[in-house]
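Enquirer: My structure is below; once you've seen it, I'll send some questions.
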Amino acid sequence: MQNRARLQILVVDDEAAIRELLRTTLEAEGYGVHVASTMREGLTLAGNRRVDLFLVDLGLPDGDGVELVRNIRSWTQRPILVLSARTHETQKVDALDAGADDYLTKPFGVAELHARLRVALRHAGLSMVAADTRLDLGDVCIDLVARSVSRQGEPVRLTATQWRLLEVLARHAGRVVTTRQLLREVWGPGHAEQAHYLRIYVHQLRQKLEADPSHPQFLLTETGVGYRLLLDGDTPLTR
């Protein structure tokens, strides 16, 4: 389906059969899928890839999945769905208290899994339907599906990091995104205190997207907080 946004799911499970089952069924539904078999590998992928939803098993060979949930939740609000063979109520509560959004006990039905995914994504403001994947900022058009930017109909070349930063801002269009959140989502959790990276790349984006970069109309600074990307029709905040 050409109008479907390709949401990205990270599966962290030590069972190869489960990983393959999830990859096959999720890709058939139009999701992009990354897989990891350990907590360490999962954290590495989470820091280096865009992830819209996490599927995490609690019984990992190098640590407790609850700790992985807690770690992920410390730097992103993306949905986390826990998959586990454990049935004890306390463990379910621990996972939810650590930040999981929902819990499925193995064995689970594929139809139920997809239903839970849709609910979690909807609550997070995400959707498989690409209703808001083409965004307009004056004479600039951002296409989140094609991963492209044009200005007055001409392509705008962005580096991979410039695109990741713009993509995060675009997916939160109209809302302030904190400096810490941007650093974590674009550069990974190990860079959460390196705000100078962000200032440099925001400056670069303004040079490419704004008619007057010294007086930006769309990529705005929220002093002491972060940045906000305004779209056509958004009302600028009084400063």
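Enquirer: If you average 1/r over every pair of different alpha-carbon atoms in region 8-123 and take one over that average, what Kirkwood value in Å do you get? Mind dumping the intermediate values first?
Expert: Values: mean 1/r = 0.0724 Å⁻¹.
When all Cα pairs of region 8-123 are included, the Kirkwood radius is 13.8 Å.
Enquirer: Viscosity 1.567 mPa s, temperature 4 °C: Stokes-Einstein D of region 134-229 from its Kirkwood Cα radius, in µm² per second?
Expert: The estimated diffusion coefficient comes to 97 µm²/s.
Enquirer: Now for a different question. Given an 8 Å cut-off on Cα distances and at least 6 residues of separation, report the relative contact order of the chain as a percent.
Expert: 15
Enquirer: I would also like to ask the following. Could you tell me how many degrees, from 0 to 90 and to the nearest 10, lie between the Cα long axis of helix 16-28 and the main elongation axis, the longest principal axis, of the Cα atoms of the chain?
Expert: For helix 16-28, the angle is close to 40 degrees.
Enquirer: In 5 Å bins starting at zero, report the fraction of Cα pairs in the chain per bin as a rounded %.
Expert: For the chain, the binned pair fractions read 1, 6, 13, 17, 17, 15, 12, 9, 6, 3, 1, 0 percent.
Enquirer: Just in region 20-61: which trypsin sites (Lys or Arg not before Pro) are loop by DSSP and have at most 16 other Cβ atoms within 10 Å?
Expert: Filter output for region 20-61: ARG49.
Enquirer: Now for a different question. Run the numbers on region 134-229 and let me know its relative contact order in percent, using alpha-carbon pairs under 8 Å that are six or more apart. Don't skip to the end; give the middle numbers.
Expert: On the way: 114 pairs, mean separation 24.0, N = 96.
The normalised contact order for region 134-229 reaches 25 percent.
Enquirer: So how far apart, in nm, are the two label points at THR24 and ARG175 if each is 7 Å from Cα heading toward Cβ?
Expert: 3.6
Enquirer: Quick one: net charge of MET39's neighbours, Cβ under 9 Å, K/R +1, D/E -1?
Expert: My count for the surroundings of MET39 gives -3.
Enquirer: Hey, got the dipole for region 134-229? About the Cα centre, +1 on K and R Cβ, -1 on D and E Cβ, debye to the nearest 20? Working shown, then result.
Expert: On the way: 13 positive and 10 negative charges, 48 e Å.
That gives region 134-229 a dipole magnitude of about 220 debye.
Enquirer: Among LEU117, PRO213, GLY47, whose Cα sits farthest toward the positive end of the charge dipole of the chain (+1 at Cβ of Lys/Arg, -1 at Cβ of Asp/Glu, about the Cα centre)?
Expert: Value: PRO213.
Enquirer: Treating only the Cβ of Lys, Arg, Asp and Glu as charged (+1, +1, -1, -1), what charge dipole size does the chain show about its Cα centre? Round to the nearest 20 debye.
Expert: 500
Each reported figure results from applying straightforward, stated rules to the coordinates on display, with no laboratory input. Keep in mind that this is a model prediction, so the values were computed, not measured. Every residue, glycine among them, receives a Cβ derived from its backbone with ideal geometry; neighbour counts consider all protein chains shown.
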